[in-house]
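See structure below.
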Amino acid sequence: MKCNLVIMSALSCIIISGCGGRMGHTPDRAFVNPSSLGTHKTLSEGQGMLYTLRGGTIDMAHVRGTADQTKKAYDRAYDCIVDGRRSFTVSPAWERITNKVQFDYPANWDQTPRDERQKIAREIALKVAPVVGYNSTLMHEMLTWKGAKFFLIEPEFKSSFSWEDLYCHAVGSWVATDAIKAGGDWNYTFTRLFNEELKRLGVVSKARAKEITESVRGKWYTSGSLYMRNMDSYLDDDVSPCIIPGYTNEPPITYPLPNLDGIEQYGIGVTYTVSAMFGEVGTLKRIAGTSELLQPLKDFKPIMKNIQAEAARKHPELIIHK
(Lines give C-alpha, C1' and ligand atoms only; values in the text may rest on other atoms or scores of the structure.)
Protein backbone atom coordinates (compact mmCIF):
# COMPACT_ATOMS: atom_id res chain seq x y z
CA MET A 1 0.00 0.00 0.00
CA LYS A 2 2.77 2.37 -0.92
CA CYS A 3 3.95 4.18 -4.01
CA ASN A 4 7.03 3.67 -6.12
CA LEU A 5 9.96 2.81 -3.86
CA VAL A 6 12.30 5.04 -5.83
CA ILE A 7 10.05 7.98 -5.11
CA MET A 8 9.78 6.95 -1.49
CA SER A 9 13.51 6.64 -1.04
CA ALA A 10 13.74 10.31 -1.90
CA LEU A 11 10.68 11.48 0.00
CA SER A 12 10.63 8.76 2.70
CA CYS A 13 6.85 8.72 2.85
CA ILE A 14 3.67 9.12 0.86
CA ILE A 15 -0.07 9.33 1.40
CA ILE A 16 -1.52 5.88 2.01
CA SER A 17 -4.86 5.70 0.23
CA GLY A 18 -6.15 2.84 2.37
CA CYS A 19 -5.21 4.47 5.66
CA GLY A 20 -7.54 7.40 5.90
CA GLY A 21 -5.16 9.85 4.22
CA ARG A 22 -2.44 9.28 6.82
CA MET A 23 1.24 9.22 5.97
CA GLY A 24 2.61 5.74 5.39
CA HIS A 25 6.19 4.55 5.05
CA THR A 26 8.30 1.72 3.81
CA PRO A 27 9.30 -0.56 6.71
CA ASP A 28 12.96 0.49 6.70
CA ARG A 29 12.61 4.18 7.58
CA ALA A 30 10.72 6.94 9.45
CA PHE A 31 11.03 5.29 12.87
CA VAL A 32 9.53 7.00 15.90
CA ASN A 33 9.56 6.46 19.64
CA PRO A 34 6.55 4.66 21.11
CA SER A 35 6.03 7.58 23.50
CA SER A 36 5.27 9.94 20.59
CA LEU A 37 2.11 8.22 19.31
CA GLY A 38 -0.42 10.49 21.02
CA THR A 39 -4.18 9.89 21.01
CA HIS A 40 -5.90 8.31 18.03
CA LYS A 41 -7.70 10.74 15.66
CA THR A 42 -6.74 13.85 17.62
CA LEU A 43 -4.21 16.61 16.98
CA SER A 44 -1.69 14.65 19.04
CA GLU A 45 -1.94 11.54 16.85
CA GLY A 46 1.54 10.35 15.92
CA GLN A 47 2.65 8.46 12.81
CA GLY A 48 5.70 6.51 11.72
CA MET A 49 7.30 3.10 12.06
CA LEU A 50 7.91 1.01 15.18
CA TYR A 51 9.62 -2.30 15.72
CA THR A 52 8.36 -4.95 18.12
CA LEU A 53 10.27 -8.07 19.09
CA ARG A 54 7.26 -10.39 18.83
CA GLY A 55 5.27 -8.60 16.11
CA GLY A 56 7.94 -7.25 13.82
CA THR A 57 7.56 -3.87 12.11
CA ILE A 58 4.50 -1.77 12.86
CA ASP A 59 3.36 1.01 10.50
CA MET A 60 1.05 3.32 12.43
CA ALA A 61 -0.72 4.48 9.26
CA HIS A 62 -1.75 0.92 8.42
CA VAL A 63 -2.84 0.16 11.97
CA ARG A 64 -4.83 3.36 12.36
CA GLY A 65 -6.41 3.18 8.91
CA THR A 66 -7.58 -0.40 9.39
CA ALA A 67 -8.84 0.41 12.87
CA ASP A 68 -10.95 3.29 11.56
CA GLN A 69 -12.35 1.11 8.78
CA THR A 70 -13.23 -1.55 11.36
CA LYS A 71 -15.02 0.94 13.62
CA LYS A 72 -16.94 2.39 10.67
CA ALA A 73 -18.04 -1.11 9.60
CA TYR A 74 -19.21 -1.84 13.16
CA ASP A 75 -21.27 1.35 13.41
CA ARG A 76 -22.94 0.81 10.04
CA ALA A 77 -23.62 -2.88 10.65
CA TYR A 78 -25.15 -2.17 14.06
CA ASP A 79 -27.43 0.61 12.80
CA CYS A 80 -28.40 -1.43 9.75
CA ILE A 81 -29.51 -4.46 11.76
CA VAL A 82 -31.35 -2.47 14.44
CA ASP A 83 -33.29 -0.62 11.74
CA GLY A 84 -33.91 -3.76 9.71
CA ARG A 85 -32.21 -2.43 6.58
CA ARG A 86 -30.96 -4.95 4.06
CA SER A 87 -27.41 -3.74 3.45
CA PHE A 88 -24.69 -1.17 4.00
CA THR A 89 -21.48 -0.22 2.23
CA VAL A 90 -18.17 1.15 3.45
CA SER A 91 -15.15 2.28 1.45
CA PRO A 92 -11.60 3.22 2.50
CA ALA A 93 -10.76 6.90 2.14
CA TRP A 94 -9.43 7.90 -1.29
CA GLU A 95 -9.92 4.42 -2.73
CA ARG A 96 -12.22 2.89 -5.34
CA ILE A 97 -12.92 -0.22 -3.28
CA THR A 98 -16.42 -0.86 -1.94
CA ASN A 99 -17.26 -3.34 0.81
CA LYS A 100 -20.90 -4.38 0.92
CA VAL A 101 -22.61 -6.40 3.63
CA GLN A 102 -26.13 -7.75 3.10
CA PHE A 103 -28.43 -9.15 5.78
CA ASP A 104 -31.26 -11.67 5.45
CA TYR A 105 -33.66 -11.34 8.37
CA PRO A 106 -36.11 -13.85 9.82
CA ALA A 107 -39.77 -13.24 9.00
CA ASN A 108 -40.58 -11.76 12.42
CA TRP A 109 -37.57 -9.44 12.69
CA ASP A 110 -39.66 -6.25 12.61
CA GLN A 111 -41.68 -7.59 15.56
CA THR A 112 -38.59 -8.35 17.66
CA PRO A 113 -38.34 -5.99 20.67
CA ARG A 114 -35.84 -3.20 20.08
CA ASP A 115 -33.64 -4.13 23.04
CA GLU A 116 -33.34 -7.67 21.65
CA ARG A 117 -32.53 -6.33 18.17
CA GLN A 118 -29.82 -4.14 19.70
CA LYS A 119 -28.29 -7.09 21.53
CA ILE A 120 -28.21 -9.24 18.40
CA ALA A 121 -27.00 -6.33 16.27
CA ARG A 122 -24.05 -5.77 18.59
CA GLU A 123 -22.97 -9.41 18.45
CA ILE A 124 -23.21 -9.63 14.67
CA ALA A 125 -21.55 -6.24 14.13
CA LEU A 126 -18.63 -7.31 16.32
CA LYS A 127 -18.07 -10.23 13.95
CA VAL A 128 -18.59 -8.24 10.75
CA ALA A 129 -16.34 -5.31 11.72
CA PRO A 130 -12.89 -7.00 11.74
CA VAL A 131 -13.82 -9.09 8.69
CA VAL A 132 -14.48 -5.93 6.67
CA GLY A 133 -11.59 -3.98 8.18
CA TYR A 134 -9.02 -6.65 7.41
CA ASN A 135 -10.25 -7.89 4.03
CA SER A 136 -10.71 -4.43 2.57
CA THR A 137 -6.98 -3.83 3.02
CA LEU A 138 -6.15 -7.30 1.69
CA MET A 139 -8.12 -6.49 -1.45
CA HIS A 140 -5.83 -3.48 -1.96
CA GLU A 141 -2.72 -5.65 -1.69
CA MET A 142 -4.05 -8.21 -4.15
CA LEU A 143 -4.99 -5.54 -6.69
CA THR A 144 -1.61 -3.83 -6.48
CA TRP A 145 0.19 -7.16 -6.86
CA LYS A 146 -1.72 -7.70 -10.09
CA GLY A 147 -0.82 -4.22 -11.35
CA ALA A 148 -3.52 -1.79 -10.20
CA LYS A 149 -2.41 1.85 -10.14
CA PHE A 150 -4.15 3.54 -7.23
CA PHE A 151 -2.16 6.73 -7.76
CA LEU A 152 -2.14 6.63 -11.59
CA ILE A 153 1.64 6.20 -11.63
CA GLU A 154 3.89 3.16 -11.71
CA PRO A 155 2.07 0.13 -10.21
CA GLU A 156 2.50 -0.39 -6.48
CA PHE A 157 3.69 -3.94 -7.06
CA LYS A 158 7.14 -2.93 -5.77
CA SER A 159 5.77 -2.71 -2.24
CA SER A 160 2.64 -4.87 -2.45
CA PHE A 161 2.54 -7.29 0.50
CA SER A 162 5.57 -5.60 2.08
CA TRP A 163 6.62 -7.39 5.21
CA GLU A 164 4.56 -5.39 7.72
CA ASP A 165 1.31 -4.78 5.79
CA LEU A 166 -0.90 -7.77 6.58
CA TYR A 167 0.17 -8.00 10.19
CA CYS A 168 -0.54 -4.30 10.82
CA HIS A 169 -3.98 -4.76 9.28
CA ALA A 170 -4.67 -7.65 11.63
CA VAL A 171 -3.46 -5.63 14.64
CA GLY A 172 -5.64 -2.67 13.67
CA SER A 173 -8.78 -4.71 13.11
CA TRP A 174 -8.54 -6.70 16.33
CA VAL A 175 -7.51 -3.88 18.67
CA ALA A 176 -10.31 -1.75 17.18
CA THR A 177 -12.79 -4.54 17.89
CA ASP A 178 -11.53 -4.89 21.46
CA ALA A 179 -11.94 -1.13 21.90
CA ILE A 180 -15.56 -1.34 20.72
CA LYS A 181 -16.22 -4.13 23.23
CA ALA A 182 -14.61 -2.15 26.06
CA GLY A 183 -16.83 0.88 25.49
CA GLY A 184 -16.26 4.50 26.40
CA ASP A 185 -14.80 7.06 24.02
CA TRP A 186 -13.55 4.84 21.21
CA ASN A 187 -10.54 6.95 20.23
CA TYR A 188 -9.19 7.02 23.76
CA THR A 189 -10.02 3.38 24.44
CA PHE A 190 -8.31 2.34 21.20
CA THR A 191 -5.25 4.38 22.16
CA ARG A 192 -5.03 2.75 25.58
CA LEU A 193 -5.52 -0.79 24.29
CA PHE A 194 -3.10 -0.30 21.42
CA ASN A 195 -0.39 0.98 23.77
CA GLU A 196 -0.96 -2.08 25.94
CA GLU A 197 -0.71 -4.30 22.87
CA LEU A 198 2.57 -2.68 21.85
CA LYS A 199 4.01 -3.60 25.24
CA ARG A 200 2.80 -7.19 24.80
CA LEU A 201 4.42 -7.28 21.36
CA GLY A 202 7.71 -6.07 22.84
CA VAL A 203 8.02 -2.61 21.30
CA VAL A 204 11.55 -1.13 21.31
CA SER A 205 12.94 2.39 21.17
CA LYS A 206 13.43 4.37 17.95
CA ALA A 207 17.20 3.85 18.06
CA ARG A 208 16.82 0.12 18.65
CA ALA A 209 14.27 -0.19 15.84
CA LYS A 210 16.73 1.42 13.41
CA GLU A 211 19.52 -0.86 14.57
CA ILE A 212 17.46 -4.03 14.25
CA THR A 213 16.12 -3.10 10.82
CA GLU A 214 19.56 -2.14 9.56
CA SER A 215 20.72 -5.69 10.31
CA VAL A 216 18.70 -7.03 7.32
CA ARG A 217 19.73 -4.34 4.84
CA GLY A 218 20.82 -6.02 1.64
CA LYS A 219 18.80 -9.14 2.42
CA TRP A 220 15.29 -7.92 3.19
CA TYR A 221 15.62 -4.57 1.43
CA THR A 222 17.84 -2.04 -0.31
CA SER A 223 17.27 1.69 -0.79
CA GLY A 224 15.13 0.96 -3.86
CA SER A 225 13.69 -2.53 -3.32
CA LEU A 226 11.78 -4.61 -0.79
CA TYR A 227 12.63 -8.30 -0.97
CA MET A 228 10.82 -9.59 2.12
CA ARG A 229 7.08 -9.92 1.52
CA ASN A 230 4.44 -11.20 3.92
CA MET A 231 1.70 -13.23 2.20
CA ASP A 232 0.45 -15.06 5.28
CA SER A 233 -3.28 -14.80 4.68
CA TYR A 234 -5.90 -17.49 4.01
CA LEU A 235 -3.37 -20.33 4.06
CA ASP A 236 -4.33 -21.11 7.65
CA ASP A 237 -6.40 -19.51 10.39
CA ASP A 238 -4.04 -16.77 11.54
CA VAL A 239 -1.79 -13.94 10.43
CA SER A 240 1.85 -14.09 11.52
CA PRO A 241 4.54 -11.38 11.57
CA CYS A 242 7.93 -11.16 9.89
CA ILE A 243 10.43 -11.19 12.75
CA ILE A 244 13.97 -9.99 12.14
CA PRO A 245 16.13 -12.86 13.46
CA GLY A 246 18.60 -12.66 16.31
CA TYR A 247 16.91 -10.30 18.78
CA THR A 248 14.51 -12.39 20.85
CA ASN A 249 13.90 -15.97 21.93
CA GLU A 250 10.20 -15.32 22.52
CA PRO A 251 7.74 -16.77 19.98
CA PRO A 252 5.95 -14.41 17.58
CA ILE A 253 2.43 -13.31 18.44
CA THR A 254 -0.12 -14.18 15.77
CA TYR A 255 -3.66 -12.88 15.26
CA PRO A 256 -6.62 -14.97 14.13
CA LEU A 257 -7.93 -14.37 10.65
CA PRO A 258 -11.32 -12.63 11.12
CA ASN A 259 -14.32 -14.78 10.21
CA LEU A 260 -18.11 -14.94 10.60
CA ASP A 261 -18.22 -18.27 12.42
CA GLY A 262 -21.15 -18.54 14.84
CA ILE A 263 -23.33 -15.85 13.29
CA GLU A 264 -25.92 -18.43 12.23
CA GLN A 265 -27.09 -18.75 15.85
CA TYR A 266 -28.72 -15.33 15.59
CA GLY A 267 -30.94 -16.28 12.66
CA ILE A 268 -29.69 -13.53 10.37
CA GLY A 269 -27.86 -14.39 7.17
CA VAL A 270 -24.79 -12.33 6.27
CA THR A 271 -23.24 -11.98 2.80
CA TYR A 272 -20.05 -9.95 2.46
CA THR A 273 -18.77 -8.88 -0.97
CA VAL A 274 -16.12 -6.50 -2.22
CA SER A 275 -15.79 -4.69 -5.53
CA ALA A 276 -13.38 -2.15 -7.02
CA MET A 277 -13.10 0.12 -10.05
CA PHE A 278 -9.98 -1.52 -11.47
CA GLY A 279 -9.57 -3.82 -14.43
CA GLU A 280 -7.50 -6.15 -12.24
CA VAL A 281 -10.72 -7.19 -10.47
CA GLY A 282 -11.50 -9.31 -13.53
CA THR A 283 -8.19 -11.10 -13.06
CA LEU A 284 -9.01 -11.84 -9.43
CA LYS A 285 -12.45 -13.15 -10.39
CA ARG A 286 -10.98 -15.50 -12.97
CA ILE A 287 -8.55 -16.87 -10.40
CA ALA A 288 -11.42 -17.42 -7.94
CA GLY A 289 -13.56 -19.01 -10.66
CA THR A 290 -16.49 -16.63 -10.35
CA SER A 291 -18.27 -14.04 -12.45
CA GLU A 292 -20.08 -12.61 -9.43
CA LEU A 293 -18.87 -10.08 -6.89
CA LEU A 294 -15.93 -11.41 -4.91
CA GLN A 295 -16.77 -12.88 -1.52
CA PRO A 296 -13.57 -12.55 0.53
CA LEU A 297 -14.32 -15.37 2.95
CA LYS A 298 -14.71 -17.78 0.04
CA ASP A 299 -12.72 -16.33 -2.85
CA PHE A 300 -9.61 -14.85 -1.27
CA LYS A 301 -8.06 -18.21 -0.41
CA PRO A 302 -7.57 -19.37 -4.04
CA ILE A 303 -6.45 -15.87 -5.01
CA MET A 304 -3.78 -15.84 -2.31
CA LYS A 305 -2.60 -19.30 -3.33
CA ASN A 306 -2.28 -18.04 -6.90
CA ILE A 307 -0.34 -14.96 -5.81
CA GLN A 308 2.08 -16.99 -3.70
CA ALA A 309 2.68 -19.41 -6.56
CA GLU A 310 3.21 -16.52 -8.94
CA ALA A 311 5.67 -14.90 -6.54
CA ALA A 312 7.75 -18.06 -6.37
CA ARG A 313 7.63 -18.62 -10.12
CA LYS A 314 8.13 -15.11 -11.49
CA HIS A 315 10.01 -13.31 -8.72
CA PRO A 316 12.77 -15.57 -7.30
CA GLU A 317 14.50 -12.48 -5.89
CA LEU A 318 11.73 -12.08 -3.30
CA ILE A 319 11.68 -13.73 0.13
CA ILE A 320 8.11 -14.90 0.75
CA HIS A 321 6.94 -15.19 4.34
CA LYS A 322 4.05 -17.64 4.53
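The values are calculated or read from the model by the stated rules, or taken from the named source; none is laboratory data. Note that this is a predicted model, so its numbers are computed, not measured. Note that we place each Cβ from the backbone using ideal geometry, even for glycine, and neighbour counts take in every protein chain shown.
Things to note:
- Residue selected from the range 244-254 under the condition free of Cβ contacts under 8 Å to residues at least 60 places away in the same chain and polar (S, T, N, Q), by the criterion surrounded by the fewest Cβ atoms within 10 Å (Cβ to Cβ): ASN249
- Check on GLY133, in a loop (DSSP other than H, G, I, E, B), closer than 16 Å to GLU95 by Cα and either touching a Phe, Trp or Tyr at 6+ places or on another chain (Cβ under 8 Å) or touching a residue at least 24 places away in the same chain (Cβ under 8 Å) (or both): no
- Per-region count, the range 78-94, residues more than 16 Å from THR66 (Cα to Cα), without any contact (Cβ under 8 Å) to a residue 60 or more places away in the chain and not charged (D, E, K, R): 6
- In the range 255-271, the residues that are outside any loop (DSSP other than H, G, I, E, B), touching a residue at least 60 places away in the same chain (Cβ under 8 Å) and farther than 19 Å from TYR134 by Cα: TYR266, GLY269
- The listed residue being at pLDDT 95 or above, buried (at least 16 other Cβ atoms within 10 Å of the Cβ) and over 20 Å from the mean Cα position of the chain (by Cα), out of ALA276, ALA288: ALA288
- Note on the range 291-301: among residues that are of a type outside the set (Gly, Ala, Ser) and assigned to a loop (DSSP other than H, G, I, E, B), the one that is surrounded by the fewest Cβ atoms within 10 Å (Cβ to Cβ) is GLU292.
- Look at (1) more than 24 Å from GLY282 (Cβ to Cβ); (2) in contact (Cβ under 8 Å) with a residue 40 or more places away in the chain and you find that LEU143 fails only one, number (1).
- Candidate set from the range 25-63 (those that are among the aliphatic types (A, V, I, L, M), touching a helix residue (DSSP H, G or I) at 6+ places or on another chain (Cβ under 9 Å) and not in a helix (DSSP H, G or I)); member that is farthest from ARG208 (Cα to Cα): LEU37
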